[in-house]
Amino acid sequence: MKLQQLRYIWEVARHDLNVSATAQSLYTSQPGISKQIRLLEDELGVEVFARSGKHLTRVTPAGEAILDVAGDILRKVESIKQVAQEFSDEKMGTLDVATTHTQARYALPVTINSFMQSYPDVSLHMHQGTPMQIAEMAADGSVDFAIATEAMSHFNDLVMMPCYRWNRSVVVPKDHPLAQVSKLTLQDVASYPIVTYVFGFTGRSKLDDAFNREGLDPKVVFTAVDSDVIKTYVRLGLGVGIIASMAFDEEMDRDLVRLDASHLFEYSTTKIGFRKGTFLRGYMYDFIQQFAPHLTPDVVKQVQACSNRAEIEELFVNQELPDH
């Protein structure tokens, strides 16, 4: 059994069983990959992939279990490389961060700018996706960090730490009737068509919970993953917008009125997560602290030493998170 063979089956699974695409991504030949997979299967005495003719059709049950172990092995190998890099050049490397549009556009720019000035030789890659995709990327080791509000708790392999809390605002054109309301109620908001986030994005669950508790059935006429898209359709008169308060720009959104809605909805907490057992290099600890100052290297190391999620939550039970 060779490490190269494990990498081949792992990458083939990641490329939806497309051996040709896998070969291109690994800069090798398709026949070479197919041969190595066959040799591995012969050695193991089981098929990793089921076939129809020359085409791979699915991962077998044995293959699922083998791929889980192979993934762990490949991540350990990557950790070994990270350890070596840390000792050879502690300020050179890569950092992959997965997050949502709202975090990338409104919460992260200051951190990214400061981090890149401190570590010009670190290549930073930003990946955007749904909260579920973001958590999956961190759980399978495709990225170093996941930053999101939703979906993170569904993955037991993730170490999650609270960064900050935030709430929502209602945005309307200046001539909208709600612009004259001194203090919003949920009934006020529910009486108009609503433009907001797709379910599963940017704390959307807290929004739905609030309306459900009041027995209200708001008419959500348009949803998007992007706060700027939501504001665009508010400008077009499609409905009142409900967005993360951080996504309102006083300068760029001068034509809109922002109405505080923090008394209507529970606060949401944005978290940063990484896969259990991940070796964090020095600049990774710095990135976390620049994004969330209370998450010092010592605190993160305490979190890494916890054996379960309940212990991690206990560490932060009395932590007052900053508002964003």
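The values are calculated or read from the model by the stated rules, or taken from the named source; none is laboratory data. Computed from a predicted structure; not experimentally measured. Please note: Cβ atoms are built from the backbone with ideal geometry, for glycine as well, and neighbour counts cover all protein chains shown. Side chains are part of the model used for accessible areas, which takes the heavy atoms of the whole protein and leaves out ligands, DNA and RNA. Shrake-Rupley method; radii C 1.70, N 1.55, O 1.52, S 1.80 Å.
The set of residues from region 94-146 being in a helix (DSSP H, G or I), over 12 Å from the mean Cα position of the chain (by Cα) and not charged (D, E, K, R) comprises TYR106, ALA107, PRO109, VAL110, THR111, ILE112, ASN113, SER114, PHE115, MET116, GLN117, SER118.
In summary, no strands (runs of 3 or more DSSP E) completely within region 167-239 bear 3 or more residues that are at pLDDT below 95 and open to solvent by 70 Å² or more (accessible area, probe 1.4 Å). Applying the set (1) modelled with pLDDT of 90 or more; (2) polar (S, T, N, Q); (3) under 30 Å from ILE243 (Cβ atoms); (4) touching an Asp or Glu at 6+ places or on another chain (Cβ under 9 Å) to THR102 leaves exactly one unmet item: (1).
Over 30 Å from ARG235 (Cβ atoms) and either at pLDDT 90 or above or β-branched (Val, Ile, Thr) (or both): is that true of ASP157 in this structure? Explain how you work it out, then say what you get.
Numbers: over 30 Å from ARG235 (Cβ atoms): yes; either at pLDDT 90 or above or β-branched (Val, Ile, Thr) (or both): no.
No: the conditions fail for ASP157.
In region 307-324, what residues are without any contact (Cβ under 8 Å) to a residue 24 or more places away in the chain, of a type in the set (A, V, I, L, M, F, W, C) and either surrounded by 12 or more Cβ atoms within 10 Å (Cβ to Cβ) or touching a Cys at 6+ places or on another chain (Cβ under 7 Å) (or both)? Correct list: LEU315 only. Of the residues contained in region 60-77, none is found to be outside any helix (DSSP H, G or I) and loosely packed, with under 14 Cβ neighbours inside 10 Å. The residues in region 183-234 that are under 25 Å from THR270 (Cα atoms) and among the acidic types (Asp, Glu) can be counted, and the count is 4.
Scanning region 1-51 for residues that are farther than 21 Å from SER142 by Cβ and open to solvent by 70 Å² or more (accessible area, probe 1.4 Å) returns MET1, LYS2, GLN30, PRO31, LYS35, ARG38, LEU39, ASP42, GLU43, GLU47. Quick check, is GLN290 open to solvent by 10 Å² or more (accessible area, probe 1.4 Å), at pLDDT 95 or above and closer than 30 Å to SER123 by Cα? So GLN290 passes the test.
Criterion first (within 27 Å of the chain's Cα centre (by Cα) and farther than 23 Å from ARG105 by Cα) does ASP228 satisfy it? Outline the logic, then answer.
Details: within 27 Å of the chain's Cα centre (by Cα): yes; farther than 23 Å from ARG105 by Cα: no.
So ASP228 fails the test.
Matching residues to (1) assigned to a strand (DSSP E or B); (2) at pLDDT below 95; (3) crowded, with 18+ Cβ neighbours inside 10 Å:
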residue	(1), (2), (3)
MET252	no, yes, no
VAL257	yes, no, yes
HIS263	no, yes, no
PHE274	yes, yes, yes
TYR285	no, no, no
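Scanning region 153-186 for residues that are among the hydrophobic types (A, V, I, L, M, F, W, C) and without any contact (Cβ under 8 Å) to a residue 12 or more places away in the chain yields nothing.
Picking from residues in region 17-48 that are modelled with pLDDT under 90 and closer than 21 Å to ASP72 by Cα, the one that is farthest from the chain's Cα centre (by Cα) is LEU26. Only a single criterion out of (1) among the charged types (D, E, K, R); (2) in contact (Cβ under 8 Å) with a residue 60 or more places away in the chain; (3) surrounded by fewer than 16 Cβ atoms within 10 Å (Cβ to Cβ) is not satisfied by ASP121, namely (2).
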